[in-house]
1. Collect the residues in segment A:393-408 that are away from chain B (no Cβ under 14 Å), surrounded by 15 or more Cβ atoms within 10 Å (Cβ to Cβ), assigned to a loop (DSSP other than H, G, I, E, B) and not hydrophobic (A, V, I, L, M, F, W, C), keeping them in residue-number order.
2. Of all residues being of a type outside the set (D, E, K, R) and over 25 Å from A:Leu166 (Cβ atoms) in segment A:197-221, which is farthest from the other protein chains (Cβ to nearest Cβ)? Just the residue, please.
3. Looking at B:Ser338, is it among the small types (Gly, Ala, Ser), modelled with pLDDT under 95 and either part of a helix (DSSP H, G or I) or not assigned by TED's automatic domain parsing to the domain that holds B:Pro228 (or both)?
4. Can you name the residue in segment B:30-67 that is among the small types (Gly, Ala, Ser) and under 23 Å from the mean Cα position of the chain (by Cα) and is also farthest from B:Phe169 (Cα to Cα) among such residues?
5. Take the residues in segment A:4-62 that are among the basic types (Lys, Arg) and within 16 Å of ligand 1 (Cβ to nearest atom), then tell me which one is farthest from A:Asp199 (Cα to Cα).
6. Take the residues of segment A:30-65 that are in contact with a Phe, Trp or Tyr (Cβ under 7 Å, 6 or more places away or on another chain) and not in a loop (DSSP other than H, G, I, E, B): which is nearest to ligand 4 (Cβ to nearest atom)?
7. Residues of segment B:130-149 being away from ligand 2 (no atom under 11 Å from the Cβ) and under 19 Å from B:Leu89 (Cα atoms), which ones?
8. What is the residue count in segment B:179-215 for residues that are within 16 Å of ligand 3 (Cβ to nearest atom), on the phi < 0 side of the Ramachandran plot and touching a His at 6+ places or on another chain (Cβ under 9 Å)?
Amino acid sequence: MAGLATAFGSGAMTNTIDDIEKTEVIFVIGSNTTENHPVIGYRIKQAVKKGAKLIVADPRYIELCDYADVHLQIKPGTNVALLNAMAHVIIKEGLADEEFIRERTENYAALRVTARDYTPEYAAEITGVPAEDIVRAARLYGAAEAAMIFYTMGITQHTTGTDNVLAVANLALLTGNVGKPGSGVNPLRGQNNVQGACDMGALPDVFTGYQPVTDESVRAKFAKAWGVELSGKVGLTVTDMFTAAGAKKIRAMYIVGENPYLSDPDSAHVRQCMDTLDFLVVQDIFMTETAQYADVVLPAVTWAEKEGTFVNTERRVQKVNQALRPRGNAKADWQIFVELANKLDFDWNYTCAEDIFKEITALTPSYAGITYDRLGANGIQWPCPGADHPGTPILHVGKFSKGFGHFSAVEHQDSAELPDADYPFILTTGRILHHYHTGTMTRRSKPLRFVQDEEFMQINPLDAKALGVTECDIVKVSSRRGSVKTRLKITDSVPPGVVFMTFHFKETAANLLTNPQTCPTAKIPELKACAVNIEKI
Amino acid sequence: MSKVNITINGQALQVDAGMTILEAAQAAGIDIPTFCHDPELTRAGACRICVVEVAGARNLPASCTTPVAEGMVIETESERVQKARRSILELIWADHPHDCLTCEKTGSCKLQDYSYRYNVKESPYKGEARDIPLDDTNPFFFRDLNKCILCGKCIRKCHEINGAGAIDFMYRGFGTKVTTAFDDPIEESSCVFCGMCVDICPVGALIPKQGLQQGRSWEVDKVLTTCPYCGCGCTFYLHVRNDKIVGVTPNFDGPMKGHLCAKGRFGWDFVDSPDRLQTPLIKKDGEFVEASWEEALDLIAAKLKEVRAQYGADAIAGLSSARITNEENYLFQKLLRSLGTNNVDHCARL
Ligand code: SF4
Ligand code: SF4
Ligand code: SF4
Ligand code: FES
């Protein structure tokens, strides 16, 4: 997110899902779309069958590779080298959109200098992808009238996550693939309302609509509307919060609907930090692993028992409507917050979700024109600045949110943890189609549980043979931080030297293994690559 | 787009050239029956229930595959058309189980609706009844191929929309059926249980297992909402009866065109999991004990005030959630910030 905001002025998906039907070339990098964003995966496959070209960059052989014109099977953590080399080819072969660069971007010279060294041959050494495939991908992407890039955590969950995003943005700027139908840089959001949580200012540095807490006039506006005094000091990110808790700088924590004990890297450390807290409140629908550590647990309702809005990955604000009465004594999260606020002597008088939404739109320019009535059955894509504004399917048309699109020179850096003699494999993590996140919901669904209810770590047949293990065997996987036992699935969808685990199953919590080292800018941990050892047991 | 002039049931219309008769009729609010047609799938023209009468044409063309032409005069419910539709229905009933009393599809079955519309009670043809064993092996849906009318929509949905390509026509003639590569149960195929075939089957051949015997289609409330899982934001209707979810139908008119995956389509039963937290809990001597909301919230308020007084507001931190609504995220950050700290984040980074 941080990267895209630097380049374009907004971290959100620039284009819409419908644009997949209008594009010539689709470049999917670090996104196992058919498993993680299934209906977008359907659209990509449909587009390919109708003639669109597909480039897939992924360390694994994912389903989309069956449809791809080029599969760039990069070593985990080598995205920048690949992307810079594609830029190199595009510039060298005159495929750059000079007019777009001249009129709408800045700092192009910096990219030219950096890209010069990233010949396809040089990148081939780093990425493990044949030079001619890099050239082929660059030509496909560079020559298209309109091309779309999709990425997810495979790009961001690296210590170089922000650089990866900047390198992606460079490619789009270089070829003029921003601000028109069928183009753009499109980060796919993992969870149903990640986009909304960001839009609503559940972030340490911004209020709603990305209005900075450091901006005095913004702060004055919110302070007046809320009738309180506000701090201008940027807060801590999730990863820093736990460290601060461990250092007794954070004393009380309130966790809503998340299970960091399973979802955060190096969970043993997270657990220690949570133990150190004086006071922990967890609000959730289930007794999660995290909730076990709480001093107070508050029962919330599911999405079916309340009203409100979610924002999907293409910035579409959509209604959630109440279908059921709250179960037991559980309450909607917003009701809990209202009751607690009043106990904290704030005078909050919301009687329904719509009351809250009206306050949001009054304080948030990009939501100003949205009302529950207008959302109807199809929702509205922000920015929607006025009551008669139809919403914005494509960002940065004619002008970037920040004025000019900004090129950034980024260099390849090794992952924070490379395989060595003690830990010879790279573990990469992700999700599978029939489960979701830490499994709290999907593992309580009877049909979904049936499909798969335990981890099957993916390992290449060559590695399996060398280790003397067979399908479904149980092995011990260890990293510098911990170890878990898991069953195996032998498949050449992972290359030799790489293994893949999900983080859906608490019995085999992959995040006991992962590296909490974060990208210094975006503070996103390196969940996509850590070194592990595998032992037969 | 160029226009052509046509007449449907005496009504003069100007429609886009290139439309089919079916599309032109639908645009004019005229309902023509269909079994094998689906607007986003390739046109099969297989079932012929959609035939219409076109002045000057010898045969009755299938409206779903026949384009409009200048000056066309069309009748959608003429005597001849109705007779043709009746004989198609009678042919289907020759080997279709008379099971409407307990069939889950009753009320949303096209065969039933059209039989009612054209007053077809039974078949003059004495067909041999099919006797295909029920595929009951997966927890998502039943496949009762004895009820299949071979419209082929499930196959096209699976191939053209999902891409899984799990099913196809197999065998010929009377033995024709829709099945998996080796006629295996569906769970052994490449099926990913998206359920999209289930939701377009016009009859009771594909039936979701959730919500069996829990309500006829006219007895359930349908509440439009947005999927609680991934960021695609598919919308669908929750079917609700007696305060229970009994099913889901896609929102075919929504931005995601009614496409779903197994999580959104079938994964909602966690809502009534016995593990749901029902009441606030306070930990006393290492054990959770049930508490009233009053007690729990008083305790939280007191502790937060205490920590703030002793260590300052920045000793408090809140983690919001990418699962809860916008309104809730908004209030949560407002709460933390009103307390005097910007220590608020969520797990989007993870
Ligand atoms: S459930 Fe989905 S994948 Fe399975 S057969 Fe039906 S359409 Fe195909
Ligand atoms: S199972 Fe249903 S959708 Fe598939 S061919 Fe038979 S009747 Fe048509
Ligand atoms: S139905 Fe599947 S693809 Fe659609 S939002 Fe839900 S989880 Fe995502
Ligand atoms: S609906 Fe037209 S032939 Fe089947």
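The values are calculated or read from the model by the stated rules, or taken from the named source; none is laboratory data. All values derive from a computational prediction rather than experimental measurement. Every residue, glycine as well, gets a Cβ built from its backbone with ideal geometry; the counts of neighbours run over all protein chains shown.
1. As a first pass, look at segment A:393-408 and keep what is away from chain B (no Cβ under 14 Å): A:394-408.
Narrowing the set further to residues that are surrounded by 15 or more Cβ atoms within 10 Å (Cβ to Cβ) leaves A:394-396, A:400-402, A:404-408.
From what is left, the residues that are assigned to a loop (DSSP other than H, G, I, E, B) are A:394-396, A:401-402, A:404, A:407-408.
A:His396, A:Ser401, A:Lys402, A:Ser408 - these are the residues of segment A:393-408 that are away from chain B (no Cβ under 14 Å), surrounded by 15 or more Cβ atoms within 10 Å (Cβ to Cβ), assigned to a loop (DSSP other than H, G, I, E, B) and not hydrophobic (A, V, I, L, M, F, W, C).
2. Residues of segment A:197-221 that are of a type outside the set (D, E, K, R), as a first pass: A:197-198, A:200-204, A:206-214, A:217-218, A:220.
Now restrict to residues that are over 25 Å from A:Leu166 (Cβ atoms): A:200, A:207-208, A:217-218, A:220.
Values: A:Met200: 4, A:Phe207: 7, A:Thr208: 7, A:Ser217: 16, A:Val218: 12, A:Ala220: 13 Å.
Per the criteria, the residue is A:Ser217.
3. Details: among the small types (Gly, Ala, Ser): yes; modelled with pLDDT under 95: no; either part of a helix (DSSP H, G or I) or not assigned by TED's automatic domain parsing to the domain that holds B:Pro228 (or both): yes.
Against the criterion (among the small types (Gly, Ala, Ser), modelled with pLDDT under 95 and either part of a helix (DSSP H, G or I) or not assigned by TED's automatic domain parsing to the domain that holds B:Pro228 (or both)), B:Ser338 does not qualify.
4. Restricting attention to segment B:30-67, the residues satisfying the condition of being among the small types (Gly, Ala, Ser) are B:44-46, B:55-57, B:62-63.
With the extra rule that they be under 23 Å from the mean Cα position of the chain (by Cα), the set shrinks to B:44-46.
Working: B:Ala44: 13, B:Gly45: 16, B:Ala46: 13 Å.
Top of the filtered list is B:Gly45.
5. Start the filter on segment A:4-62 by keeping residues that are among the basic types (Lys, Arg), which leaves A:22, A:43, A:45, A:49-50, A:53, A:60.
Those still in the list that are within 16 Å of ligand 1 (Cβ to nearest atom) too: A:43, A:45, A:49.
On the way: A:Arg43: 26, A:Lys45: 30, A:Lys49: 35 Å.
Filtering first and then ranking leaves A:Lys49.
6. A:Lys45
7. Result: B:Arg130, single match.
8. Number satisfying all stated conditions: 3.
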